[in-house]
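The values are calculated or read from the model by the stated rules, or taken from the named source; none is laboratory data. Worth saying up front: this structure is predicted, and the values here are computed from it rather than measured. Neighbour counts are summed over all protein chains in view; Cβ atoms, including those assigned to glycine, are modelled from backbone coordinates with ideal geometry. In case anyone asks, the SASA skips ligands and DNA or RNA and just uses the protein heavy atoms, side chains included. Shrake-Rupley method; radii C 1.70, N 1.55, O 1.52, S 1.80 Å.
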Amino acid sequence: MFNIVLFGGPGSGKGTQSAYLVHLYSLYHISTGEVLREQIRLGTELGKIADSYISKGNLIPDDLMVQILADVLDKQPDTKKGVIFDGFPRTLPQAKALKKVLEERGTKLDAVIGLEVPDDVLIGRLINRGKETGRADDNPETIKKRLVVYHNQTTPLREYYVNEGIYLAIDGNGKVEEVMERIVHSLDPIRKPDNSTAAWRLK
Ligand code: AMP
């Protein structure tokens, strides 16, 4: 199994890069944001709770989030190959819980890919995404709040994973393909992309 976390601020390219990495390394993609948005679309009780946090730019409480994640892992047989965690963990308690959840399932994290992008670039990307996709939390007020939450609650994870010895700092600025190539390059010593999908690599 090969498990990686894509880590970075809102708009850092986690979802975009996940789409490539899923193909390159034959992994299962878990975006906790997508799981929550699906519940909101379906109008479930969980969706209602999630919406009350997401619309304000706040994080869903850790206990609930960890439970949702463990459920996804257990219900999807595809996760046995390995997982890209996109948007999870976002707090230290979540990171510690993830370690435990993976240990209980006989596996561990292999790498944390940190997409490092300056705030002004993030804001520009999110405003554009809001215009293009109509995503409800991509409005100027909520974006500001999400960045504050990111810096207060999520950035301490960088140091946590540096200490765990699995943090890979990636310059997340630039074209999508360039960033992807940087990720593939930095993962190279740990795991090569599958041959069948090697064509996705840039020259
Ligand atoms: P994302 O699609 O990853 O940007 O997530 C959108 C929103 O979903 C976030 O702003 C949070 O409100 C919520 N969310 C997603 N993942 C998590 C998580 N791991 N912990 C808490 N809240 C989360």
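Cut-off 10 angstrom, C-alpha nodes, Gaussian network model of the chain. Which of 70, 136, 111 fluctuates the most?
136
Quick check: with the 1.4 Å probe, what order do 62, 137 take by accessible area, largest first? Walk me through the numbers before you get to the answer.
Details: 62 45, 137 15 Å².
Sorted by accessible area, descending: 62, 137.
Using the Cα centre of the chain as the reference point, and only Cβ charges (+1 on K/R, -1 on D/E), how large is the resulting charge dipole? Debye, rounded to the nearest 20. Don't skip to the answer; put the middle values down first.
Values: 28 positive and 28 negative charges, 28 e Å.
The calculated dipole for the chain is roughly 140 debye.
Can you give me the relative contact order of region 1-158 as a percent, contacts being Cα pairs under 8 Å and 6 or more apart?
Numbers: 203 pairs, mean separation 62.3, N = 158.
Computed over region 1-158, the figure is 39 percent.
At a 1.4 Å probe, what is the % contribution of carbon and sulfur to the accessible area of the chain?
Ligands and nucleic acids excluded, carbon and sulfur give 54 percent.
Putting +1 on Lys and Arg Cβ atoms and -1 on Asp and Glu Cβ atoms, find which of 8, 49, 28 reaches farthest to the positive end of the dipole of region 8-62.
Towards the positive end, the residue furthest out is 8.
With a sphere of radius 15 Å drawn around the Cβ of residue 43, what net charge do the other residues whose Cβ falls strictly inside it have (Lys, Arg +1; Asp, Glu -1)?
Values: positive: 37, 41, 48; negative: 38, 45, 51.
Once all neighbours under 15 Å are counted, the net charge is 0.
How high is the relative contact order of region 113-175, given as a whole-number percent (alpha carbon pairs under 8 Å, six or more residues apart)?
On the way: 38 pairs, mean separation 35.2, N = 63.
It rounds to 56 percent for region 113-175.
Stretch residue 162-residue 58 to full length: gain in nm at 0.36 nm per residue minus the Cα-Cα span? Provide the component values of the computation, followed by the final result.
Numbers: separation 104, 0.36 × 104 = 37.44 nm, distance 2.55 nm.
Going from the current span to full extension adds 34.9 nm.
Take the chain, connect every pair of alpha-carbon atoms lying under 10 Å apart with a spring to form a Gaussian network, then pick out the residue of 86, 51, 63 with the largest mean-square fluctuation.
63
Please give the per residue accessible area of the chain, computed with a probe of 1.4 Å over protein heavy atoms only, in Å².
Numbers: 10410 Å² over 203 residues.
It amounts to 51 Å² per residue over the chain.
Using a 1.4 angstrom probe and counting only protein chains, how large is the accessible area of residue 161 in Å², to 10?
10
For residue 145, which lysines qualify as cross-link partners when the Cα separation must be under 17 Å and same-chain residues fewer than eight apart are set aside?
Excluding near neighbours in sequence, the set is 56.
Provide the solvent-accessible area of residue 46, counting protein heavy atoms only and rolling a 1.4 Å probe, rounded to the nearest 10 Å².
About 50 Å², ignoring ligands and nucleic acids.
If I take every Cα pair under 8 Å that is 6 or more residues apart in region 1-70, average their sequence separation and divide by the length, what percent do I get for the relative contact order?
Working: 29 pairs, mean separation 10.2, N = 70.
That works out to 15 percent.
For the chain, what is the calculated [θ] at 222 nm in deg cm²/dmol (nearest 500), taking -39500 (n - 2.57) for each run of four or more DSSP H residues and dividing by its residue count?
Values: 9 runs with 106 residues, N = 203.
Mean residue ellipticity at 222 nm (helix-derived): -16000 deg cm²/dmol.
Could you calculate the contour length gain from residue 169 to residue 152, that is, 0.36 nm times the residue separation minus the distance between their Cα atoms, to one decimal place in nm?
Values: separation 17, 0.36 × 17 = 6.12 nm, distance 1.92 nm.
So the extension gain works out to 4.2 nm.
Quick one: how many Å² of residue 1 are accessible to a 1.4 Å probe, rounded to 10?
Accessible area of residue 1: about 110 Å².
Round to the nearest 0.05 the FRET efficiency obtained for residue 176 and residue 38 when R0 = 35 Å and r is the Cβ-Cβ distance. List each step's numbers first, then the result.
Values: r = 24 Å, r/R0 = 0.69.
E between residue 176 and residue 38, to the nearest 0.05, is 0.90.
What's the extension gain from residue 23 to residue 120 if we count 0.36 nm per residue and subtract their Cα-Cα distance? Could you put the intermediate results ahead of the total?
On the way: separation 97, 0.36 × 97 = 34.92 nm, distance 3.02 nm.
Answer, rounded to one decimal: 31.9 nm.
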